[in-house]
Amino acid sequence: MKILTTQIGGLLQRIGTASEEPIEETARLLAQAAIGEGRVIFAAFDEMEAVLVSAQSGAEPFQNAVRYEDDMGISSADRVWILARSAQDHRALALARQLAEQFIPFAATAGEKADDQNELSDLAYTYISTGLTKGLLPGPTGERIVQPHALAALFIYEAVKMAYDEMVLDED
């Protein structure tokens with residue numbers, strides 16, 4: 001338990017240190033929808049849906065948050081936040097390509113760092129890495145285990161939400 005606590009604490013510390021600017025940029029991007037006539041569309045895949053649940057049903061819901069649906073119309077007033085375990089997720093990449101073609105700015109969060117090999121980060125207006133590409137702990141046979149993608153994404157979400165609320169509430 002102590003090792004797990006230390007590793008998760010380290011993960012969150014690394015995210016907080018490395019992502020301060022992209023978190024602020026993501027909040028600013030999403031606030032554009034709230035200040036205008038748009039919606040903040042959460043396109044969360046697999047366990048990253050925990051962020052959507054928190055945004056819509058949490059103790060402090062995210063203002064203007066809606067769930068992404070495959071057939072929904074997305075306008076230039078909307079802003080989208082794509083959350084995926086991996087930047088290689090085919091659903092996340094397909095949506096990112098579609099939004100880029102339509103010139104709709106969007107944010108993305110995934111495990112891999114932003115670099116030349118990361119198409120999702122290239123397409124996104126803002127990109128936040130969870131830094132999780134393998135397990136945090138060694139398993140009994142040498143494999144890496146414990147991949148808390150949803151926990152890392154929820155931490156990022158809370159940081160973005162704090163900045164977003166500050167921006168949006170200042171406008172009211």
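Can you find a residue that is of a type in the set (A, V, I, L, M), in contact with a helix residue (DSSP H, G or I) (Cβ under 6 Å, 6 or more places away or on another chain) and in a helix (DSSP H, G or I) anywhere in the range 123-137? Yes, the conditions are met somewhere in the range 123-137.
Please verify whether Ala55 is part of a helix (DSSP H, G or I) and either small (Gly, Ala, Ser) or touching a Cys at 6+ places or on another chain (Cβ under 9 Å) (or both), treating the condition exactly as stated. Here the answer is yes, as Ala55 does meet what is asked. Residues that are surrounded by 21 or more Cβ atoms within 10 Å (Cβ to Cβ) and touching a Gly at 6+ places or on another chain (Cβ under 8 Å) within the range 85-110 comprise Arg85, Ala87, listed in sequence order. Within the range 34-70, which residues are more than 13 Å from Ala153 (Cβ to Cβ) and hydroxyl-bearing (Ser, Thr, Tyr)? Correct list: Ser57, Tyr68. Only one entry of Tyr164, Tyr127, Tyr157 meets the criterion of being aromatic (Phe, Trp, Tyr), buried (at least 20 other Cβ atoms within 10 Å of the Cβ) and under 30 Å from Met1 (Cα atoms), and that entry is Tyr157. Within the range 25-44, is even one residue aliphatic (A, V, I, L, M), exposed (fewer than 14 other Cβ atoms within 10 Å of the Cβ), within 15 Å of Leu99 (Cβ to Cβ) and modelled with pLDDT of 95 or more? Scanning the range 25-44 turns up no residue that is aliphatic (A, V, I, L, M), exposed (fewer than 14 other Cβ atoms within 10 Å of the Cβ), within 15 Å of Leu99 (Cβ to Cβ) and modelled with pLDDT of 95 or more.
The values are calculated or read from the model by the stated rules, or taken from the named source; none is laboratory data. Fair warning: this is a prediction, and the values are worked out from it, not measured in the lab. Note: ideal-geometry Cβ built from the backbone for every residue, glycine included; neighbour counts use all protein chains shown.
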